[in-house]
1. So, by mean Cβ neighbours within 10 angstrom, what's the order for 196-205, 173-182 with the highest one leading?
2. For segment 49-182, what is the largest minus smallest coordinate of the Cα atoms on each principal axis, given in angstrom and ordered from greatest to least?
3. Tell me which residues come under 5 Å, amide H to amide H, from LEU5 once H is placed; ignore anything under 5 positions away on its chain.
4. In segment 34-143, what chymotrypsin sites (Phe, Trp or Tyr not before Pro) fall in a loop by DSSP, with at most 14 other Cβ atoms inside 10 Å?
5. Could you derive backbone 3J(HN,Hα) for segment 132-145 from the dihedral phi with the Karplus parameters 6.51, -1.76 and 1.60 (θ = phi - 60°), listing whole Hz in sequence and x where the residue is Gly or Pro?
6. Check each of the trypsin sites (Lys or Arg not before Pro) in segment 44-149 and keep only those in coil by DSSP with at most 11 other C-beta atoms within 10 angstrom; list them in order.
7. Largest first and in whole Å, give the semi-axes of segment 1-111's equivalent ellipsoid, each being the square root of 5 times a Cα gyration tensor eigenvalue.
8. Sort LEU93, LEU226 from largest to smallest accessible area, using a 1.4 Å probe on the heavy atoms of the protein chains.
Amino acid sequence: MAAPLELSCWGGGWGLPSVHSESLVVMAYAKFSGAPLKVNVIDNTWRGSRGDVPVLATEDNIVSQPAKILNFLRKQKYNADYELSAKQGADTLAYIALLEEKLLPAVLHTFWVESDNYFTVTKPWFASRIPFPLSLILPGRMSKGALNRILLTRGEPPLYHLREVEAQIYRDAKECLNLLSNRLGTSQFFFGDTPSTLDAYVFGFLAPLYKIRFPKVQLQEHLKQLSNLCRFCDDILNSYFRLSLGGISPAGQETVDANLQKLTQLVNKESNLIEKMDDNLRQSPQLPRQKLPTLKLTPAEEESNSLQRLSP
């Protein structure tokens, strides 16, 4: 009997099984390859590390990072690429490198750096799934990590300023989306009628960008103009994740999304209130401790007290 495979990942919303791109990549590949994953969704009771999510655990192994998890699943005979030719395998590696270089920086910026999106959607959603007091700290660290990752790969001469970097990464991302749209064409998947590793990566990167309702939607608007990529995401959701999403109707999903939006806004307000209270406490003047006066008894009172203690 095969060892059980358990995947710990961020949960879903807006009609998605997960709002986290890297978690979605692994979940989609598992569906395509038939790997029997037990999915453990992270919530505010989870005590594990969130830095390496998604994490795949078996009886003998703990594997993190999508590429390593997919390689592990292949070694367990769960291979979504067994029908690909050598050329298609090479194309897969090239397109994944393109996604990580050209599209990922803009996805990270949309979620974690663009202030309107971060404070109204990303931060409250993740904070509501992290236990207090880490919910006040961890989203900010994740935002800084995303910004550092963008600047590390793109903030080099002649792009010295963040504004210049932002303009460039969105130009690159739109160009990448156009290339993906041209490559997909009218096909169901990128290599014909069977999904593969490349389809898992493209779906994982595009689906959150396509479905989540952000106030700033520069890249999202461009994606929605590419109807074949939108159809690609919808087909995978309907074919592989419909049951896991509970068969919610579009009208029901609208209600769920509206309630989620209200919840995340409430969490955000509470988080900001706690931060302000903490700042006020730190800035308030600290009064010196005052000693309580010591009461002294008169000789007559001391004598009377001693006689009372000795009396039966």
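The values are calculated or read from the model by the stated rules, or taken from the named source; none is laboratory data. As the structure is a prediction and not an experimental result, all values here were calculated from the model. Quick reminder, even Gly has a Cβ in these numbers, built from the backbone with ideal geometry, and neighbours come from all protein chains shown. Heads up: the accessible areas ignore ligands, DNA and RNA and are worked out on the full protein's heavy atoms, side chains in. Shrake-Rupley method; radii C 1.70, N 1.55, O 1.52, S 1.80 Å.
1. Going by the mean number of other Cβ atoms within 10 Å, highest first, we get 196-205, 173-182.
2. Computed over the Cα atoms, the extents are 44, 40, 25 Å.
3. Under 5 Å from the amide H of LEU5: LYS38.
4. Those that pass, being in a loop and sparsely packed, are TYR82.
5. 5, x, 4, 4, 8, 10, 5, x, x, 5, 5, 5, 5, x
6. ARG47, LYS77
7. 23, 21, 12
8. Largest to smallest exposure gives the sequence LEU93, LEU226.
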